[in-house]
Every structure is written in structure tokens, then in C-alpha cells.
Amino acid sequence: MEPGYRFRLYLLTAVILVGYGALVSRLFTFQIERQDEFLANMPSPTEVSVRDPGVRGEIVDRNNIPLATNLRNYEMSFNLEEIHNAYRRMKREATEEELAALEVYPETGKEIVSITDIVNRITIPALKKLDLAKPFNERDYKREFDVHYLTNRGHVPYIYRHDLTFEQFARVAENSSELPGVSVKTTPERIYPYGSLASHILGKVKGWNNDAIPEDAKKRFDYYTGDSRGIEGIEATMDEFLRGYEGARVMLKDIKGNTVDLPGEQKLPGQGSTVELTIDARIQMLTEKVLRRAGRAAAVVMDVNTGEIISMASVPDFDPNDFIPPVSSETLKAYNKNKAGPFTNKAMSPFAPGSTFKIPTAVAGFMNGMDGPKLVCDGYVQYGKHSAGCWIYNMFDGKHGPLSLEEAIQQSCNPYFYKMANQIGGAGMVKSFSLFGFGNQTGIRLPSEKKGILPGSRDWTRKKGFGTPFTPVEQAFLSIGQGETAATPLQICNFLCAVANGGRMYEPRIVKQVVHPANGVLIEDQPNLRIDLLQHGVTEEQLARIRKGMYMAVNEQKGTGKRSALPNVSICGKTGTAQTTIDGVATHNAWTIAF
């Protein structure tokens, strides 16, 4: 070997040894001497707070039969920010060939530019391999995914599926490493075990809205899942009791956004209160079954001694299960096309009450100093140029002649009550009917209760124009439930209870009691007496006369309610018919009130 070459080789070896020594020295400095300094600057796992919704309380009937309860539901959700982060990592680690496939759809060459594109390109195919994907339409979901991501980032998961089986739930858990940003959990889902039974009473719930996150919750939680809320019926009016306490937990996320631990004590979601209704599910079912024979009808059954509603039905109705998860457009369209109004609770909607109003007119007469006098029916009463006729006059050109109060109720004589109303006077009629609750809400714990129309009242005068007189003919029509008069089945049933029980009018009750699993009774089972007719100028004997007239109407020969008679039950009743129109077609409201 030449001396010069050997010298250069020695020199190169010396340089390598010097360089290696410097490297070892630097490694020693960084890894040993300055280890604590660099460890302190390394990104550490981040604590992330999560809010879980409470468990909604049950709604049960008076015999503890569940009418609204919860099922264990297996739910799959997407953390869109984690999916986005996973996609960016895949791009950083990809080869040139793999990167090209990640930036466009292989089938169409369309560029991947949105979170919907990423989900559709990365997440959905992975779910399809595991047979976990649901039918996915990019056009349907594009705005929903993108808006959700821009609004909530990773703080609020996007609920992808509510309907996982336990086997599917387990499959996601087993393959979680292949599904970044995809998680599963068990959640309670509202269910109404008897379908449409008492649907107008129970109402329905709506899933929480991302826009409804309270400001204080945004500060306390990084991930927020809200509570469903009641939007109709008992679900709405008792929502504050039915909602359970929120749960809270803390997760650790590493620098890649993956969950690495669940440290500390977790606060489990709490169970909401049980709302016990006054209704009897068996009687409710029977009532609805009978009403379906009429097609469009309503009924209220009350306990006259407590004001408890035993059943309240309206047909047609709806199945609240159709709205969990959100109702399909086809189902909603079918409901809305039904002209009979399946969403309307007719038991709390106003209708012309017809001759059923002769009973409150009789009580008003007693309250205003009349003692059920004998009055003469000549077939009609003349009001200016208008002849207000009796049904016997209109149908047979006949008349009833002299009648007692009991006979006038039995034979449903219009002129008798015309004359009684005119003797009472407009002010007395309005004052008495207002006391009975007509023209006002009853106070039942249900939303959307209508007031009805009480001619001559302040509301009526305001709409007609102040100074509008309440004329004798309008007083007469009020006495027989015609003209502009309108009342709800609930109002009339509530008033009738006072006639049946001897004068006590209770506030109608649909909620019997509310019990919290930890805090006990929150609303007690207690009747609420509104008025006692005996303290307003009516005697027990006078109410007995009205009851006798109603008994005669059902059980004696001239009675207009004989079709209500039963062989083994003593019935007191009163029928009523009021002319009306529905969708421009002349028809009538047919009423029966009884005890």
C-alpha cells in the first residue's frame, strides 16, 4: 500500500472516530444530562371532559303499568375531528401511490375536500368491511356532516346509528383500532310499549339539538351529549321531572387524539323521576277502542270525587314510537294528509256543545235566584224578526206546553232554557258560566288546552269590539250551546262531576304523583278543590232535581237520551246536537254526557 494512501486512510479513520465521539457526547447530553428538560417539553396526554345525558324517567298509569319507558340502545357515533386527524396522519405516512388514492375518489377521480368526503372515503369503507355501514347517500349527509363539524369540531359526537345489535356493538369494540374516531356506547332510547295508547296524553320527545348547548356547559365540557326533551303531552309538561341528572367523565387523549385512559372517579348519569298518571290503561284502551267505531271522536272519563281523569281519548291518534329516531318524511306526510287531525287532542279542543249546556244553564238559574220554575214552551220564542224554535217545533210543528225543570231537561226543550237565560240576564249567565270554568283553561297538566268561547265574556267582547252588546238572542243560544258558543269535552266533563257529586268542582288531574328514585315524592297525590257550588247559592236539593231530570232523560218514555240506557246500571245523562261544518260540508257535533 502506498504511504500517501495509508495516511489518508488513517486520517479518515480519525475523523470518523472524532465524529462518533462527538455524536456520543451529544446523545449523552440530550438523553442523560438534559432528559428532565426535554421530557417536560414533550406533549402530554390531554384531559377531556365528557357530558353524558341523564336517563329519562318512566311514565306509568295508576296501576304502575309503564306507558313510556326506556330500552337499552346500542349507538355508534363519529368524532369528526378524530376522523379528520386520522386522515391527515394517513396522508403524512403514505407513499406517493397511496397519497394519490387518499386525495381523490378512486372510482370518479373527484377530489376529497370536505369532512363528508373523508368519512365517505375512509370511515364508511372500513365499516362496510365489517358489515356495519348503513345506506349512505353523500348528497343527503353532506351539509349535515360539514355543518356539524364546523359547529362542534370534536366536542359533540355525530350520532351515526341508533340501531346496533349487541353483536354489532361487540364487533365495533373488537375492531376499534381499525376505526379511528368511531365509538359505540349504550344509551337509553324512549319507547312507548303500547304504541298509540294514550298518545295525546303522553305526547312525544325530540332529540337534543346541537344549538341548545348551554353556555356554562361549553366551559365545563369538551364533549357534550344533551338530553332529549318532551315537546308534547306529559313528556313536555313534566319534562323537568322526567329528565335525569347528567353524567360526567374525564378521558385522556394522546397527541394523536386517541383515548388512552379513563382516569379518576366517573359520575354516572342519574335516573329521572317516575310520573304516575291518574289514567287506568285498561279503561283507556277500552275507551279508544269504542271511539274508533266513530272514526273522529273524543271522550273523557273522570272520578267525580277526586277530579282524577281515568281516561281521556281522541281519535284518530298517532304512535309516538314513529318519532324515535326522528320521523321519516313519508310517515309525517301520511299523518299530515289525514284530515281528521291525528295530532289534535279533541278532548281539549272546543266544539259547539249543543244541549249539554242546558245543565249549566239550570245550575246558573239556581245560582241567580230561580228555583226551577214552570215555564211554557209554545214551540218557539220570538226575538225581533227571528223565531228561535224548539226541536219539536222544527221537526213536527209541535210544542211542549208547561214544563218543570226536570221535564225540560228530560225532553230537552229549547224555549224553556231560552226564557231561563233571559230571566237570568247576560251578566248573570256570563258570571255563572265563568265560575263553572267555561271560557277558561281548566289547569290540567297538559299543553295546548283550549279555552273555548263564552259569548258575553271579556275575551268575546274584546274580539267583537268593546261596546258590542250581549243580546237576548245570544243569551238564548248560549243556554243551548249554539251560536258562537264553544266548549271542550274536558270542561263539560269537569263541570258535570260537580253536578254528580253534590257541588264540588275539582281541578282535573292527569298526574297522580311524581316520585324520584332518590329524593322521594316530589308531587303528592292530592285532589285540588276549585269551587263548591253550595257556597254560591245552590242547594243539594236543587242539584238533586237536575240529576232527576237527567235520569228521566235516559230512563223514561219521553227522554231524549234513551239510547244511553243500560239494563243493569242506573244512568243519568244528557245528549246534545250542534250543527256545524267540516271542510265546507254540513254536519253536526253529537254529544253524550252521563254519570
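The values are calculated or read from the model by the stated rules, or taken from the named source; none is laboratory data. Only a predicted model underlies this, so the values are computations on that prediction, with no experimental measurement involved. In this analysis, Cβ positions are derived from the backbone assuming ideal geometry, glycine residues included, and neighbour counts consider all displayed protein chains. Quick note on the areas: whole protein, heavy atoms, side chains included, nothing else; ligands and nucleic acids left out. Shrake-Rupley method; radii C 1.70, N 1.55, O 1.52, S 1.80 Å.
No other residue among Lys451, Lys512 is surrounded by fewer than 24 Cβ atoms within 10 Å (Cβ to Cβ) and in a loop (DSSP other than H, G, I, E, B) apart from Lys451.
Only residues that are free of Cβ contacts under 8 Å to residues at least 24 places away in the same chain and open to solvent by less than 80 Å² (accessible area, probe 1.4 Å) were counted in region 77-117, giving 13.
Contact map, region 520-542: first residue over 17 Å from Thr442 (Cα atoms), second residue among the aromatic types (Phe, Trp, Tyr) and part of a helix (DSSP H, G or I), Cβ cut-off under 9 Å, separation 6 or more or different chains; pairs are Leu522/Phe241; Ile523/Phe241; Gly537/Phe366; Val538/Phe366; Thr539/Phe366; Gln542/Phe366. Within the option set Ala298, Ala313, being touching an Asp or Glu at 6+ places or on another chain (Cβ under 7 Å), more than 22 Å from Arg530 (Cα to Cα) and touching a residue at least 24 places away in the same chain (Cβ under 8 Å) holds for one residue only, Ala313. Pick from Glu288, Glu215, Glu232, Glu240: which is modelled with pLDDT of 90 or more and open to solvent by 70 Å² or more (accessible area, probe 1.4 Å)? Result of the check over Glu288, Glu215, Glu232, Glu240: Glu240. Checked against (1) charged (D, E, K, R); (2) crowded, with 18+ Cβ neighbours inside 10 Å; (3) at pLDDT below 95, Arg445 passes all but condition (3).
Within region 470-488, which residues are open to solvent by less than 20 Å² (accessible area, probe 1.4 Å), under 39 Å from the mean Cα position of the chain (by Cα) and not polar (S, T, N, Q)? Residues satisfying the conditions are Leu478, Ile480, Gly481, Ala486, Ala487. Among the residues of region 563-574, is there at least one that is in a helix (DSSP H, G or I), under 17 Å from Thr356 (Cα atoms) and open to solvent by less than 90 Å² (accessible area, probe 1.4 Å)? Yes: one or more hits. Selection of helices (runs of 4 or more DSSP H) fully inside region 371-440 by the criterion of at least 1 residues being of a type in the set (Phe, Trp, Tyr), under 24 Å from Asn555 (Cα atoms) and open to solvent by less than 20 Å² (accessible area, probe 1.4 Å) returns 414-424.
Scan region 567-587 for residues that are touching a helix residue (DSSP H, G or I) at 6+ places or on another chain (Cβ under 9 Å) and without any contact (Cβ under 8 Å) to a residue 40 or more places away in the chain and the total you get is 3.
Scanning region 357-370 for residues that are part of a loop (DSSP other than H, G, I, E, B) and closer than 22 Å to Met550 by Cβ yields Asn368, Met370.
Of the numbered criteria (1) farther than 16 Å from Gly537 by Cβ; (2) surrounded by fewer than 19 Cβ atoms within 10 Å (Cβ to Cβ); (3) among the aliphatic types (A, V, I, L, M), the one Ile359 fails is (2).
Does region 316-346 hold any residues that are touching a strand residue (DSSP E or B) at 6+ places or on another chain (Cβ under 6 Å) and outside any helix (DSSP H, G or I), and which are they? Residues satisfying the conditions are Ile324, Pro325, Asn345. Exactly one residue out of Ile409, Ile310, Ile359 is in contact with a strand residue (DSSP E or B) (Cβ under 8 Å, 6 or more places away or on another chain), within 30 Å of Pro193 (Cβ to Cβ) and not charged (D, E, K, R): that is Ile310. Read through the list (1) within 22 Å of Phe357 (Cα to Cα); (2) open to solvent by 60 Å² or more (accessible area, probe 1.4 Å), then give the number of the only condition that Gln542 fails. The failed condition is (2).
Of the residues making up region 57-76, those that are open to solvent by less than 40 Å² (accessible area, probe 1.4 Å) and of a type in the set (D, E, K, R) number 2.
In summary, Met550 fulfils each of the numbered conditions (1) in a strand (DSSP E or B); (2) closer than 23 Å to Gly481 by Cα with the single exception of condition (1).
Tell me whether region 177-184 contains one or more residues that are exposed (fewer than 14 other Cβ atoms within 10 Å of the Cβ) and over 26 Å from Asn321 (Cβ atoms). Looking through region 177-184, at least one residue is exposed (fewer than 14 other Cβ atoms within 10 Å of the Cβ) and over 26 Å from Asn321 (Cβ atoms). If you go through region 546-557 and keep only what is open to solvent by less than 60 Å² (accessible area, probe 1.4 Å) and touching a residue at least 60 places away in the same chain (Cβ under 8 Å), you end up with Ile546, Gly549, Met550, Met552, Ala553. Taken together, Pro180, Pro193 contain a single residue that is within 21 Å of Glu81 (Cα to Cα) and either at pLDDT 85 or above or not in a loop (DSSP other than H, G, I, E, B) (or both), which is Pro180.
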